[in-house]
Protein chains: 2
Amino acid sequence: MAYELHYWPTIQGRGEFVRLALEAAGAPYIDVARGAEEAGLGVPAMQRCLHDRKLVHPPFAPPFLIDGNVVVAQTAAILQYLAPTLKLVARSEQLRVWTQQIQLTIADMVDEAHDTHHPVGAGLYYEDQKPEALRRATDFCRVRMPKFLQWFEAIVVRNTAGTRHLVGGKLSYADLSLFQLVEGLRYAFPKAAQQALASTPAVVQLHDRIADLPRVAAYLRSDRRIPFNEQGIFRRYPELDIA
Amino acid sequence: MAYELHYWPTIQGRGEFVRLALEAAGAPYIDVARGAEEAGLGVPAMQRCLHDRKLVHPPFAPPFLIDGNVVVAQTAAILQYLAPTLKLVARSEQLRVWTQQIQLTIADMVDEAHDTHHPVGAGLYYEDQKPEALRRATDFCRVRMPKFLQWFEAIVVRNTAGTRHLVGGKLSYADLSLFQLVEGLRYAFPKAAQQALASTPAVVQLHDRIADLPRVAAYLRSDRRIPFNEQGIFRRYPELDIA
């Protein structure tokens with residue numbers, strides 16, 4: 001049976017980390033909110049699940065995944081749930097925790113990237129918080145982005161199984177998520193990202209290898225991949241790209 | 001062998017979620033950065049680990065836990081690592097993912113509580129972002145806090161094993177973390193929290209039961225529990241307590 005992925009239909013957002021895992025594994029899934037309302041899909045279908053009072057494990061917010069009777073929300077928890085079945089995580093419990101730790105650090109950086117354009121509140125428009133956004137983006141581009149990327153570089157380089165993957169010698173969801181993080185940074189902060197990535201060659205090589213995986217490459221060319229835009233987490237506001 | 005917990009010594013912060021799990025389970029641990037420098041402990045000992053280039057799984061930031069050869073960072077990943085040994089999570093893989101999902105939602109709310117006093121950037125003083133903090137805190141107190149607490153109420157009430165715990169019929173780290181969240185909200189936003197918690201009686205009862213667990217109660221009375229203060233995540237700035 002196909003997985004149901006529930007996420008906002010017009011942005012990559014946090015749902016993209018789940019999409020990439022499903023796509024890289026060739027797993028069948030329905031991108032529910034992007035489907036037609038006449039077919040019982042679309043945003044109303046997602047909202048019905050979100051507000052379903054019969055769910056014992058209700059999601060707090062999208063993205064969430066439905067797999068038969070199982071409902072899982074929170075990006076990192078969804079990936080952890082899917083990964084053993086999709087063969088996107090090692091068998092060892094210790095390496096599973098390490099993979100989750102990397103994912104949570106990626107999620108922290110994603111949150112900080114989001115906050116560059118919405119420091120005062122996600123409920124307000126960017127236009128209502130532009131001076132604050134500039135202060136926050138300056139700190140993000142100059143301090144936080146290099147610091148995070150140097151950490152990812154360090155863990156790739158220190159991987160005792162080689163620098164082709166973040167965890168051991170096999171593809172994991174953390175590799176896919178790091179790919180997506182680099183994609184997002186390059187879109188939102190082209191100058192700052194280029195500068196920071198110049199000192200993290202192993203991260204860039206890992207990104208490029210993921211992009212070339214046949215299923216990932218096919219997905220990126222397809223219309224299942226929503227283009228980056230200025231409603232998502234990674235937004236190209238040139239004034240916030242502080243190189 | 002005792003666990004080593006590494007976290008900033010003067011605040012509860014994110015380290016407190018790990019401390020509570022260790023304390024509730026009666027597990028032996030060393031709170032490294034709170035120890036004496038002459039004894040090889042203190043913040044320098046934590047910094048040495050953070051910057052140890054020999055670590056294959058280096059932490060990005062505190063808190064982190066050292067258990068023999070294993071180093072784990074990220075609060076939710078640390079709890080996931082500890083929980084089976086400390087008997088603070090169910091055996092079923094599905095309930096383990098659900099427990100993690102709850103923990104990640106608590107972490108999201110903790111992040112949002114932090115951002116009320118530091119919306120523009122964690123690197124700046126509160127005094128340099130007071131107007132923005134007020135805007136952010138207003139949204140947090142009026143919209144986000146009730147929304148999160150209603151979700152916790154719903155999942156306690158819907159627990160098919162009864163409302164004494166969040167997951168199944170046994171204590172889990174998610175219960176301890178929800179206790180800490182309520183403690184923090186009551187400290188930082190006494191009026192707003194009282195108002196929101198008035199509609200979530202099951203959350204309040206769960207909090208009170210955790211506070212009465214003998215080991216937790218003994219810990220809370222001890223000097224191992226750092227008092228809340230205005231350097232941590234939950235800060236009492238009366239002007240931000242929008243009831």
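The values are calculated or read from the model by the stated rules, or taken from the named source; none is laboratory data. Everything quoted here is computed from the prediction, not taken from an experiment. For neighbour counting, all protein chains shown are included, and Cβ atoms are generated from backbone atoms with ideal geometry for every residue, glycine included. Note: accessible area is taken over every heavy atom of the protein model, side chains too, but ligands, DNA and RNA are not part of it. Shrake-Rupley method; radii C 1.70, N 1.55, O 1.52, S 1.80 Å.
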Task: Single residue of A:Ala45, A:Ala2 found to be touching a strand residue (DSSP E or B) at 6+ places or on another chain (Cβ under 7 Å) and farther than 26 Å from B:Thr75 by Cα - done: A:Ala2
Open item on the list: Criterion first (outside any loop (DSSP other than H, G, I, E, B), open to solvent by 20 Å² or more (accessible area, probe 1.4 Å) and either among the polar types (S, T, N, Q) or in contact with a strand residue (DSSP E or B) (Cβ under 8 Å, 6 or more places away or on another chain) (or both)) does A:Gln194 satisfy it?
Closed with: yes
Open item on the list: Show the residue pairs meeting these rules: Cβ distance below 7 Å; 6+ apart or different chains; first residue within the stretch A:199-212 and under 16 Å from A:Phe148 (Cβ atoms) and open to solvent by less than 70 Å² (accessible area, probe 1.4 Å); second residue acidic (Asp, Glu) and in a helix (DSSP H, G or I).
Closed with: A:Thr200/A:Glu153; A:Ala202/A:Glu153; A:Val203/A:Glu153; A:Leu206/A:Asp175
Open item on the list: I'd like to check something: does the stretch B:35-45 contain any residue that is touching a Cys at 6+ places or on another chain (Cβ under 8 Å) and modelled with pLDDT of 95 or more?
Closed with: no
- [ ] Confirm whether A:Thr85 is more than 19 Å from B:His118 (Cβ to Cβ) and within 9 Å of chain B (Cβ to nearest Cβ).
- [x] no
Open item on the list: Need a quick list: strands (runs of 3 or more DSSP E) entirely within the stretch B:1-91 having at least 2 residues that are open to solvent by less than 20 Å² (accessible area, probe 1.4 Å) and touching a residue at least 60 places away in the same chain (Cβ under 8 Å).
Closed with: B:3-6
Open item on the list: What's the number of the only condition in (1) at the interface with chain B (Cβ under 7 Å from one of its Cβ atoms); (2) at negative phi; (3) among the polar types (S, T, N, Q) that A:Gln74 fails to meet?
Closed with: (2)
Task: Selection from the stretch A:92-101 of residues that are open to solvent by 30 Å² or more (accessible area, probe 1.4 Å) and more than 7 Å from chain B (Cβ to nearest Cβ) - done: A:Ser92, A:Glu93, A:Leu95, A:Arg96
Task: Residues of the stretch A:107-125 satisfying the condition of being open to solvent by less than 10 Å² (accessible area, probe 1.4 Å) and assigned to a helix (DSSP H, G or I) - done: A:Met109, A:Val110, A:Ala113
Task: Residues of the stretch B:158-186 classified as open to solvent by 10 Å² or more (accessible area, probe 1.4 Å) and assigned to a helix (DSSP H, G or I), total - done: 3
Open item on the list: Test of understanding: among B:Leu104, B:Leu124, which residue is within 9 Å of chain A (Cβ to nearest Cβ), of a type outside the set (D, E, K, R) and free of Cβ contacts under 8 Å to residues at least 12 places away in the same chain?
Closed with: B:Leu124
- [ ] Just give me the residues in the stretch B:130-157 being at the interface with chain A (Cβ under 8 Å from one of its Cβ atoms), open to solvent by less than 30 Å² (accessible area, probe 1.4 Å) and in contact (Cβ under 8 Å) with a residue 12 or more places away in the chain, in sequence order.
- [x] B:Glu132, B:Phe148, B:Trp151, B:Ile155
Task: Count of the stretch B:213-241 residues which are in contact (Cβ under 8 Å) with a residue 12 or more places away in the chain, open to solvent by 10 Å² or more (accessible area, probe 1.4 Å), assigned to a helix (DSSP H, G or I) and more than 19 Å from B:Ala24 (Cα to Cα) - done: 1
